[in-house]
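Please treat every number below as a calculation from the coordinates, not as lab data. As the structure is a prediction and not an experimental result, all values here were calculated from the model. Positions of Cβ are generated from backbone atoms using ideal geometry, with glycine treated the same way; all protein chains shown enter the neighbour counts.
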Amino acid sequence: MTRISKTQLFALIMLFEIGSTTLFALGIDAKQDAWIAILIAMLVGFILLWIYMKIQSYYPDKNFVDILIETLGKPIAAPLIILYAFYFLLISFQNSREFGDLIVMIFLPTTPLVVILAVSMLTTVYILCLGYEVFARTSEIMLPVVLFFIIGCVTYEVDKRVRSKCIKRSRCASKRSASQADYCIR
């Protein structure tokens, strides 16, 4: 049986969430409060992750299918297993298609979508042929890199906005009195 650690499972789930978050218009209906919607969704996701990891700790030598069969019985577990498999297959198709569309729109506009998806699928199949453990170890290595990149991008954007406001403030202060400069910034 293939074994991965809890940190590897965490890294796989986090990278999946980070990767698919950029593809969907999350919280678009919330407008300026979109960050609150994303924060609540993240909290719910962490709670579900904790539940999954807790269930796995009760059955350390079993996979998800075995756990469902043991707890619910085969007649009830079989349809649930099929629904879960269909659900995850649907999500992976949707993510693959949107990832391919993003690559075609941004980076390779003249490349056919089929080529992008084929290369992506062949790479995934090759990694999984090496073993799921290799895939999990790779995700464990890549998670800090991705988080560092995201934190760097956010820090850069915040710094850029702060500098922009400081430049506007200094321009307003040089043209007007101090009280008018505060009004100019707002």
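For region 58-70, the count of residues that are out of contact with any Leu (no Cβ under 7 Å at 6 or more places or on another chain) and farther than 19 Å from Ile4 by Cβ is at least one.
Of all residues in region 43-50, none are within 30 Å of Leu113 (Cα to Cα) and within 15 Å of the chain's Cα centre (by Cα).
Checked against (1) surrounded by 12 or more Cβ atoms within 10 Å (Cβ to Cβ); (2) part of a helix (DSSP H, G or I); (3) out of contact with any Lys or Arg (no Cβ under 7 Å at 6 or more places or on another chain), Met53 passes all but condition (3).
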